[in-house]
Amino acid sequence: MTSQIIDDLILPNNWRKRLPRPMDYYPGELKALRQTYPGGIEGHCPFCEDRHRALKVDLRGTRGHWCCFACDRMGDIVDFHHLKTGLSYELAALSLMEMR
Ligand SMILES: [Zn+2]
């Protein structure tokens, strides 16, 4: 894929509805996962040296909001995938759509 093509990528209008469900995505991405409350999980943050399950994720709903109490990073499922993969936000969204 050339940079020209990447620049021309436009997310479809319904892209948020085409993302994987948070409950299907995060369990494969986090280590030392455990449930904290119904619909909530925590695990090791992949973005810092956390070893205390500082990263909390809300699996309820569609956004998949998360935050890390060690490094203060936070966001939704696209922010997480964007940080984890190094892809641009838009490409991270497209990559997630392909996982569904
Ligand atoms: Zn962290």
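FYI, it's all coordinate maths here, none of it is from the lab. Note that the coordinates shown come from a computational prediction; the quantities given were computed from them, not determined experimentally. Here Cβ is always computed from backbone atoms with ideal geometry, including for glycine, and neighbour counts include all displayed protein chains.
Its DSSP H runs of at least 4 residues, each contributing -39,500 (n - 2.57), put the calculated 222 nm mean residue ellipticity of the chain at -8000 deg cm²/dmol, to the nearest 500. For the chain, the longest principal axis of the alpha carbon atoms and the long axis of helix 89-99 meet at an angle near 80°. Once you reduce the stretch 80-100 and the stretch 41-72 to the center of their Cα atoms, the two points are 17 Å from each other. The dipole here belongs to the chain: it is taken about the Cα centre, uses +1 on the Cβ of Lys and Arg and -1 on the Cβ of Asp and Glu, and is about 460 debye.
Put simply, the amide H of G40, placed in the peptide plane, has neighbours under 5 Å in L59, leaving out anything fewer than 5 places away on its chain. One compactness figure for the stretch 22-99 is 1.01, namely its Cα radius of gyration divided by 2.2 N^0.38 Å. Considering only G39, C67, S88, the residue lying farthest towards the positive end of the dipole of the stretch 22-99 is G39, judged by Cα position with unit charges set on Cβ. Here the relative contact order of the chain, from alpha carbon pairs under 8 Å that lie six or more residues apart, stands at 24 percent. Ordering C48, C68 from the fewest to the most neighbouring beta carbons within 10 Å gives C48, C68. What the phi angles of the stretch 21-38 give under the Karplus curve with 6.51, -1.76 and 1.60, with θ = phi - 60°, is a coupling list of 5, x, 5, 8, 8, 5, x, x, 9, 10, 9, 6, 5, 8, 7, 9, 7, x Hz, glycine and proline written as x.
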